[in-house]
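A.B. asks: Please see the structure below; I have some questions.
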Amino acid sequence: MTAEGGVQYSKIAEIKGPLVIVDDVENAAFDELVEVETKDGERRLGKVLEVGNGKAIVQVFEGTTGLSIAATNAKFVGKVMEMPVSREVLGRVFDGLGRPKDGLPDPIADKFIDINGEPMNPEQREYPKDFIQTGVSVIDGMITLVRGQKLPIFSGSGMSHNLLAAQIARQASVIGTQDDFAVVFAAIGVQYSEAEYFRRSLEESGALKRSVLFLNTADDPAIERIITPRVALTVAEYLAFELGMHVLVILTDMTNYAEALREISAAREEVPGRKGYPGYLYTDLSTIYERAGKLNGKKGSVTQVPILSMPSDDITHPIPDLTGYITEGQIVLGRDLFRQGVYPPVNILMSLSRLMKDGIGEGSTRADHGEISNQVYDAYSRAQEVRALAGIVGKAGLTEIDLKYMDVGDVFENEFLSQATDENRTIEETLGILWKIVSKLPKNEITKIKDKYVEQYYKEE
Amino acid sequence: MANSALETTISKILEQTEKSVISNVESALNESLKTLDDSVPKLEQEYDKILADGKKEADKIEKQIMGSADIEARNKQLMALEDAVDKVFSKALDQIANADRSGDYSNLIKTMIEEATQILGTSEISVSTNAKDKDVVQSTLSQFSGAELSSDTIDCLGGVVVKSKDGAMTFDNTIDARIERLKPLIRKEIASKFGVGE
């Protein structure tokens, strides 16, 4: 960082895409905040991407449209981009750069924190093992979210991921503790109508008072999207590690973030990697996803649910592919289920929560949770096989037990998976439905559950 | 004789029919009692579910009402606070604008120019100020070789804007710019006087 900031330079060498190259610059620093002033006196924010040989490459968050080489000034502020934080940010709505968007004044800051965050010391990390109830049966019952976990939702274009995101934001809670819970919601490059839906949805449910919204809409400059998840996570870290709250961060849609990154990379003429994304996409994504977890000696936690829409529903696309390497499992939305009108259309056979086993069971949810979940997973998998078989030989060719599995598949999709967008199911209700599904099978088909639980919960139909 | 046999037959038929009807009624009664008994747990379950759903709905509505009320109250408080902070700010700015330019003020201007030349890394500078400070700045500039006063005046509360003579670098060291840089901290300080953010 420069020792003294505030120098304004007027020699602009080049404007290229979202980048401004400033000449004759001394003392600029990597990541330093820059105020770019247009000829009309309009100020736009940017940051230094590269310095050297008397030049500084500045990435302008609000785009370079309307800037001219002759009449543009760049003021190097002398500090990195910071987000003012305090408890007062709860219940507020900000834009993608962390500026108020709700007509209210800037929050009175308790602290100003570098939006790039401080890396969590791996040695200080505490293993996540506490259950978060989302009120969505398929997540709570079979892909359980744990405090401090990063669990992405892989969706596709036009699917109901935003409805699900809003539902989780409204309903999520920690049970069995009086600790404060907060939701930080970052909408990245979403349509205006979607942004309004998120805002209204939280306002009307009364959940806004424990939430912070960052809304970057599709008509905002794409480059702003690089900042949105970072300001959101900065606030989340403050709430979690300074105020001791359990914070759920929902980032939607990370694909738009990666697109913005690709745009900058192309403008910098970097060697493109897969599908034109920069070679450092993995590293860059990790600087976001790794800002989740729990720390020893700190009360709070940051849990992340990044949502990304897979181009052409391709799970091997670089964005979901690299995301999957970093995160602890994934929730995959299925196009077939979506077309059938199932909400939320979660394809459980492709979904997994790697930390689920540590967040469920006696003392967290219920002792039989793990076993009933495994049994239903197994039964649904068999139901899919039977359905495929029925497609060839017809129902008449199926055995009695095959037909029971088909029934299990139907009940699973219609009663367990399907849920109204405003339906908040407790974990007890969720487990009850799982037992109802298993009870469609004869007892001898139940191989993954201890007899004592079968005796207790199985109700033959 | 024939009449008597007929009557006996009729009475027998009537008796049998009566028995059959009574038995049917009894069995229907038993059946309905059994159905009723069987449906009691189901009804109780249904009753409990309706109650639980009702409670959930009531909780939801309570949360909505409480949440909206809290947010509304908080927003009003924020606006009132901002109003108060603005008033304090504008009063302070008035005092600064009307402050006496004699005494220590020339030292302040000197410090500001020194700071700017150090940051720009050159002593070949052109200095701009407002009409009110022109004389103070002019007299201070005699201590800086290579510095000249710009003929254009600027609109500010006080202080200087220092530009390298080639025009490539500018450093705004006006009081306005310094206040702008420190505004968030000053706001926090003022708010703490109202008991916010302590």
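Coordinate-derived values only; no laboratory data. None of the values given here were measured: they were computed from a predicted structure. Cβ sites come from the backbone with ideal geometry, for glycine too, and all protein chains shown count toward neighbours.
A.B. asks: Would you mind classifying the stretch A:83-357 by shape? Square roots of the alpha carbon gyration tensor eigenvalues, ordered a ≥ b ≥ c; an a/c under 1.5 is rounded, otherwise it is prolate if a/b is larger than b/c and oblate if not.
C.D. replies: Cα axes put the stretch A:83-357 in the rounded bin.
A.B. asks: Let me check I've understood the local charge: for residue A:54, count other residues with C-beta under 14 angstrom from its C-beta, Lys and Arg +1, Asp and Glu -1. What total comes out?
C.D. replies: That sum, taken over residues with Cβ under 14 Å, equals -4.
A.B. asks: In the stretch A:219-269, what trypsin sites (Lys or Arg not before Pro) fall in a loop by DSSP, with at most 11 other Cβ atoms inside 10 Å? Please list the in-between numbers first.
C.D. replies: Details: sites: A:225, A:230, A:262, A:268; in loops: A:268.
Counting only loop positions with at most 11 other Cβ atoms within 10 Å, none of the trypsin sites (Lys or Arg not before Pro) in the stretch A:219-269 qualifies.
A.B. asks: Give me the extension gain from residue A:126 to residue A:196: residue separation times 0.36 nm, minus the current Cα-Cα distance, reported in nm with one decimal.
C.D. replies: Extra length from residue A:126 to residue A:196 when fully extended: 21.5 nm.
A.B. asks: Whose amide H sits under 5 Å from the amide H of residue A:55, counting only residues 5 or more places off or on another chain, with H placed in the peptide plane?
C.D. replies: Amide H neighbours of residue A:55: A:25.
A.B. asks: To check you understand DSSP bridge types, tell me what percent of the beta bridges within the stretch A:94-223 (both residues inside) are antiparallel, rounded to 5.
C.D. replies: Counting only bridges with both partners in the stretch A:94-223, antiparallel ones make up about 35 percent.
A.B. asks: Ordered by residue, what ³J(HN,Hα) values in Hz, to whole numbers, does the stretch A:239-244 give under the Karplus form 6.51 cos²θ - 1.76 cosθ + 1.60, where θ = phi - 60° and Gly and Pro are x?
C.D. replies: 4, 6, 8, 9, 9, x
A.B. asks: Here is a further query. At q = 0.26 Å⁻¹, what is the base-10 log of I(q)/I(0) for the stretch A:7-79 according to the Debye formula with one equal point scatterer per Cα and no solvent? Please give it to two decimals.
C.D. replies: -1.23
A.B. asks: While we're looking at this one, here's another question. The stretch A:1-63 to the stretch A:279-335: how many Å between their Cα centroids?
C.D. replies: 31 Å
A.B. asks: When only C-alpha pairs under 8 Å and at least 6 residues apart count, what is the relative contact order of chain A, in percent?
C.D. replies: Computed value for chain A: 16 percent relative contact order.
A.B. asks: DSSP loop (so not H, G, I, E, B), at most 16 other Cβ within 10 Å: list which trypsin sites (Lys or Arg not before Pro) in the stretch A:17-92 pass both filters.
C.D. replies: A:39
A.B. asks: So, R0 is 25 Å and r is the distance between the beta-carbons of residue A:163 and residue A:340; what FRET efficiency does that work out to, to 0.05?
C.D. replies: Step by step, r from the Cβ atoms, then E = 0.95.
A.B. asks: To continue, here is another question. Per residue of the stretch A:60-71, what does 6.51 cos²θ - 1.76 cosθ + 1.60 with θ = phi - 60° give for ³J(HN,Hα)? Whole Hz please, x for Gly and Pro, Karplus curve as stated.
C.D. replies: For the stretch A:60-71, the Karplus curve yields 8, 4, 8, x, 10, 4, x, 7, 10, 4, 6, 10 Hz.
A.B. asks: Is the stretch A:278-401 rounded, prolate or oblate when judged by the Cα gyration tensor, a ≥ b ≥ c being the square roots of its eigenvalues, rounded requiring a/c under 1.5 and prolate requiring a/b larger than b/c? Show your work: numbers first, answer last.
C.D. replies: Working: a/c = 3.16, a/b = 1.44, b/c = 2.19.
Since a/c reaches 1.5 but b/c is at least a/b, the shape of the stretch A:278-401 is classed as oblate.
A.B. asks: Placing +1 at every Lys and Arg Cβ and -1 at every Asp and Glu Cβ, with all other atoms neutral, what dipole size does chain A have around its Cα centre, in debye to the nearest 20?
C.D. replies: That gives chain A a dipole magnitude of about 440 debye.
A.B. asks: May I pose another question? Would you grab the residues whose amide H sits under 5 Å from the one on residue A:244? Only those 5+ places off in sequence or on another chain, please, with H modelled 1.01 Å from N.
C.D. replies: A:300
A.B. asks: Something else: Between residue A:410 and residue A:282, what length comes free when the chain is fully extended (0.36 nm per residue of separation minus the Cα-Cα distance, one decimal in nm)?
C.D. replies: My answer for the length gained is 42.2 nm.
A.B. asks: Considering only DSSP beta bridges with both partners in chain A, what is the antiparallel share in %, to the nearest 5?
C.D. replies: The antiparallel proportion sits near 60 percent.
A.B. asks: Tell me the net charge near residue B:60. Cut-off is 12 Å between Cβ atoms, residue B:60 excluded, with +1 for each Lys or Arg and -1 for each Asp or Glu.
C.D. replies: Values: positive: A:170, B:55, B:56, B:63; negative: A:204, A:422, A:423, B:53, B:57, B:59, B:62.
Net of charged neighbours comes to -3.
A.B. asks: Would you mind getting me the FRET efficiency between residue B:52 and residue A:116? Use the beta-carbon distance for r and R0 = 51 Å, nearest 0.05. Before the final figure, lay out each step's value.
C.D. replies: Values: r = 47 Å, r/R0 = 0.92.
It comes to 0.60.
A.B. asks: How far, in nm, would the chain grow between residue B:194 and residue B:30 when pulled straight, counting 0.36 nm per residue and subtracting the alpha carbon separation?
C.D. replies: In short, 51.3 nm is gained.
A.B. asks: Also, I was wondering about something else. Under a plain spin-label model, where a point goes 7 Å from the Cα along Cα-to-Cβ, how far apart in nm are residue B:65 and residue A:175?
C.D. replies: According to this spin-label approximation, the distance is 2.6 nm.
A.B. asks: Here is a follow-up. First check a/c for the stretch A:369-457, with a ≥ b ≥ c the square roots of the eigenvalues of its C-alpha gyration tensor; if it is under 1.5, answer rounded, and if not, answer prolate when a/b is larger than b/c or oblate otherwise. Don't jump to the answer; show the numbers that get you there.
C.D. replies: Working: a/c = 2.64, a/b = 1.34, b/c = 1.96.
Oblate shape, in that a/c is at least 1.5 and b/c is the bigger or equal ratio.
A.B. asks: For every other residue with a beta carbon closer than 15 angstrom to the beta carbon of residue A:370, add +1 if it is Lys or Arg and -1 if Asp or Glu, then tell me the sum.
C.D. replies: Local net charge: +1.
A.B. asks: So if I take the centroid of the Cα atoms in the stretch A:100-125 and the same for the stretch B:101-180, what is the distance between those two points in Å?
C.D. replies: 35 Å
A.B. asks: Here is the link list: A:404/B:56; A:150/A:395; A:450/B:49; A:404/B:63; A:436/B:60; A:404/B:55. Which ones come out longer than 32 Å on Cα distance?
C.D. replies: A:404/B:56; A:150/A:395; A:404/B:63; A:404/B:55
A.B. asks: Amide H of residue A:11 versus every other amide H placed in the peptide plane: which residues, excluding those fewer than 5 positions away on the same chain, fall under 5 Å?
C.D. replies: Here the answer is A:23, since their amide H atoms fall under 5 Å of that of residue A:11.
A.B. asks: ³J(HN,Hα) across the stretch A:276-289 via Karplus (A = 6.51, B = -1.76, C = 1.60, θ = phi - 60°), whole Hz, x for Gly/Pro?
C.D. replies: Using θ = phi - 60°, the values come out as x, 6, x, x, 9, 4, 4, 4, 5, 4, 5, 5, 9, 5 Hz.
A.B. asks: Please find the FRET efficiency linking residue A:443 to residue A:392, where r is the Cβ-Cβ separation and R0 is fixed at 35 Å, and quote it to the nearest 0.05.
C.D. replies: The computed FRET efficiency comes out at 0.75.
A.B. asks: Any idea what the relative contact order of the stretch B:97-198 is, in percent, if you count C-alpha pairs under 8 Å spaced at least 6 apart?
C.D. replies: Working: 135 pairs, mean separation 27.0, N = 102.
This gives 27 percent for the stretch B:97-198.
A.B. asks: Where in the stretch A:12-117 are there GluC sites (Glu not before Pro) that are in a DSSP coil and have at most 16 other Cβ atoms within 10 angstrom of their Cβ?
C.D. replies: A:26, A:42
A.B. asks: Oh, and also: What list do you get for B:74, A:382 if you sort them by fewest beta carbons within 10 Å?
C.D. replies: Working: B:74 16, A:382 19.
Neighbour counts put them in this order, fewest first: B:74, A:382.
A.B. asks: While we're here: log10 I(q)/I(0), Debye, Cα-only the protein assembly as shown, no solvent, q = 0.08 Å⁻¹?
C.D. replies: -0.73
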